Amino acid sequence: MAEAEITTEPYTRKPRIAYFSMEIALESGIPTYSGGLGVLAGDSLRAAADIGVPMVAVTLVFRGGHFRQEIDALGRQIELADEWEPERYATRLHATIALEIEGRHVWVGGWLYRLSTRLDSGVPVLLLDTDLPVNDPRDRDITHTLYGGDEAMRMKQEIVLGVGGIAMLQALGFTLMGYHMNEGHSAFLTLALLRRFAHAPEDLRPGESPYNLPRVRELCIFTTHTPVEAAHDKFDYGLVQRIYGDLTDLGTVKLLAGEDRLNMTRLALNLSDYVNGVAKRHAEVSRQMYPGYAVHAVTNGVHASTWTSLPFAALYDQQVPGWCHEPELLARADRIPDEALWRAHLAAKQALLARIAALTGVQMDPDRPILGFARRMTAYKRPDLLFSDLDRLRRLARAHPFQIVMAGKAHPRDLAGKALIETLHAHMRELAGEIPMAFLPDYDMDLALSLVSGSDVWLNTPLRPLEASGTSGMKAAFNGVPQLSVLDGWWVEGCIEGVTGWAVGEDALSANGDDARALYDKLEQVVLPLWFGDRAGWIAVMKGAISKNASFFNSHRMMRRYATEAYLG
Ligand SMILES: *Cc1c(COP(=O)(O)O)cnc(C)c1O
């Protein structure tokens, strides 16, 4: 116990907001995230550390990470374990708490990771861990692999996160003024709070609920992250009863989480006073999905210093001092001299070219534009849209020779996503000798920074309205890389045509089917001619991306909004 007291004591003196997330991208080298959700969680906490929002984060340790991606000769994804050693980055918490899972006692220990940035006071992150010798071998793996295993494993992970997290915070002596659920995975925490705030039986009149729902709601904040219904966890009550030992009475749970199955999103919605989507369009879509709930919009942002390449950080330090702490200052980026901006871009591009060559052997030309596309490989993101008409793509490349670089992992069980990676590799073979193209394996934060800063155009082609926000285009903006994207997620707010980037197609859901043609048209008639024919005009768009988008779509602005509207509101 002594060590835990030493390590958490500085953090337990003042009340904090507890931030629960199944994945958090803490730093390169800690593979406890799979994509946008985890990166957003990390960027939120990095901003909280910078601006001093008192928080404590709770997640699972995932010693086996998510997975490391390799691509075989046929373009198939190979999934390898991605082990990391918490002892190298974090301190062991000496507190352990016990849960009942599947009829067994499961002890949960954990690690304290101090998330710090170049400015800050630091945010404690608790990495919960069931890999303890006292546990039954079946339970030691619960916290081993992010999104690994079957539905039962998923539920056990969510019990450890939500219920275990609440118990661990209490054991460590934290005083909490709110609980922020970053996606529904942690919604079991609401049931733990219901138990904590239950009325004493002697205070109840006949027929009255023992649970103080308003008290729990007052404390809870819920951010929903996707309109893809299948991505919202739903558990059979049979499974719930078999696994979740300390379940509050079933009648109450069904009332809050759904009659047929336990829907984690419903549970979080019903027990949170503040609910939000991650962009204005996403909040509108969520209000249609969940009529009767006031879904606010807090549009995502990315962390300034994390997502700015070294050449651009040096440029901003010189031209816009203070930008790290107040990214709003980047509104003045239009005063940066053109040559200095272009030089910084070429430096970032050279670094990407070197990386492409090292990873794939493909030599790209610094004097030709690079179209970049990297994100989780899954059907609705349509990574193959650019290849819908290969002849048209070839004609485009003959008129304005460009190069393509892509990256992204597919979830191991997302067969359609894995098939897309193979399709991209097939296109790459077909286009060989005509359009230089590379697929970089093992997309992670580090590779993401190279890609968003070294490309010339950042491409995004999701099926509307399924991209809740998207954040890689915001990272590109910090590096003066304009986005060419379907009008979905944050781009509905961020796109000023020809000023910050360009839209693919109309702002209309019915237009999804014409997006390929619209993409080719825009590349052919606007984007590529500008790149080749009007360097000053191009640089003006780069500056537009920085001054109008990086200045706004950053996690400092986002966290200030959470702080004033959700945490204190
Ligand atoms: C930023 C990031 C994402 C999310 O990007 P989207 O544009 O939202 O798809 C996913 N994975 C990694 C590694 C990232 O850095």
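The values are calculated or read from the model by the stated rules, or taken from the named source; none is laboratory data. The shown structure was predicted, so the numbers you read here are calculated from the model rather than taken from an experiment. Note that we place each Cβ from the backbone using ideal geometry, even for glycine, and neighbour counts take in every protein chain shown. Ligands, DNA and RNA are excluded from the accessible area calculation, which covers all protein heavy atoms including side chains. Shrake-Rupley method; radii C 1.70, N 1.55, O 1.52, S 1.80 Å.
Of K381/K543; K418/K475; K14/K409, which sit over 29 Å apart, Cα to Cα? Going by Cα-Cα distance, K14/K409 fall outside the 29 Å limit. From the square roots a ≥ b ≥ c of the eigenvalues of the alpha-carbon gyration tensor of segment 15-79, which class results: rounded (a/c under 1.5), prolate (a/b over b/c), or oblate? In terms of gyration-tensor shape, prolate.
Put simply, the amide H of L60, placed in the peptide plane, has neighbours under 5 Å in L128, leaving out anything fewer than 5 places away on its chain.
Surface composition of the chain: carbon and sulfur atoms hold 51% of the protein heavy-atom accessible area at a 1.4 Å probe. With Cα atoms defining each centre, segment 388-425 and segment 276-320 are spaced 27 Å apart in the structure.
Where does the charge balance sit around G178 when Lys and Arg score +1, Asp and Glu -1, over other residues with C-beta under 10 Å from its C-beta? Cβ neighbours under 10 Å give a net charge of -1. Helices meeting the span-like rule in the chain (full DSSP H runs, Cα extent of at least 20 Å along the helix axis, mean Kyte-Doolittle score of -1.0 or higher): 36-51, 338-360, 415-430.
In order along segment 370-376, phi translates into HN-Hα couplings of 10, 8, x, 8, 8, 5, 3 Hz, rounded to whole numbers, per the Karplus curve 6.51 cos²θ - 1.76 cosθ + 1.60 with θ = phi - 60° and x for Gly and Pro. Extent along the principal axes, Cα only, for the chain: 80, 47, 46 Å, with the longest axis given first.
Provide the per residue accessible area, probe 1.4 Å, for segment 204-276, rounded to a whole number of square angstrom.
44 Å²
Put simply, the amide H of R68, placed in the peptide plane, has neighbours under 5 Å in L80, A81, D82, leaving out anything fewer than 5 places away on its chain.
Dipole orientation for segment 289-368: of the candidates L329, V302, G361, G361 has the Cα lying most toward the positive pole (charges on Cβ; Lys, Arg +1; Asp, Glu -1). Taking the inverse of the mean 1/r over every pair of distinct Cα atoms in segment 414-482 gives a Kirkwood hydrodynamic radius of 13.9 Å.
Each Lys and Arg contributes +1 and each Asp and Glu -1, all at the Cβ; summed about the Cα centre of the chain, the dipole is approximately 700 debye. For segment 442-569, the Kirkwood radius over C-alpha pairs fed into Stokes-Einstein at 25 °C and 0.890 mPa s yields D = 160 µm² per second.
Computed from phi, the 3J(HN,Hα) profile of segment 58-75 under the Karplus parametrisation 6.51, -1.76, 1.60 (θ = phi - 60°) reads 10, 8, 9, 6, 6, 4, x, x, 9, 6, 9, 9, 10, 10, 7, 4, 8, x Hz, with x in place of Gly and Pro. Among the GluC sites (Glu not before Pro) in segment 465-505, none sits in a DSSP loop with a Cβ that has at most 16 other Cβ atoms within 10 Å.
Computed 3J(HN,Hα) for segment 547-562, one whole-Hz value per residue from the Karplus formula 6.51 cos²θ - 1.76 cosθ + 1.60 where θ = phi - 60°, is 6, 9, 9, 4, 5, 10, 8, 10, 7, 5, 4, 4, 5, 5, 5, 4, glycine and proline marked x. When the GluC sites (Glu not before Pro) in segment 192-286 are filtered for DSSP coil states and for at most 14 other beta-carbon atoms within 10 Å of their beta-carbon, the remaining sites are E208, E259. Provide, in order from the shortest bin, the percent of all Cα-Cα pairs of segment 310-553 in each 5 Å bin, continuing until the bin that contains the maximum pair distance. Taking all Cα pairs of segment 310-553, the binned fractions are 1, 7, 14, 19, 21, 18, 12, 6, 2, 0 percent. Computed per residue of the chain from DSSP H runs no shorter than four, each worth -39500 (n - 2.57), the mean residue ellipticity at 222 nm is -10500 deg cm²/dmol.
Sorting the segments 429-435, 323-329 by their mean number of nearby beta carbons within 10 angstrom, highest to lowest, gives 323-329, 429-435. Remark: segment 310-553 carries 36 Å² of accessible area per residue (probe radius 1.4 Å; ligands, DNA and RNA excluded). Solvent exposure of S510, expressed as accessible area, is near 110 Å², computed with a probe of 1.4 Å over the protein chains only. Amide H to amide H, with H built 1.01 Å from N, G110 comes under 5 Å of L93, D129, counting only residues 5 or more places away or on other chains. The trypsin sites (Lys or Arg not before Pro) found in segment 86-132 that occupy coil by DSSP, while having at most 15 further C-beta atoms within 10 Å, are R118.
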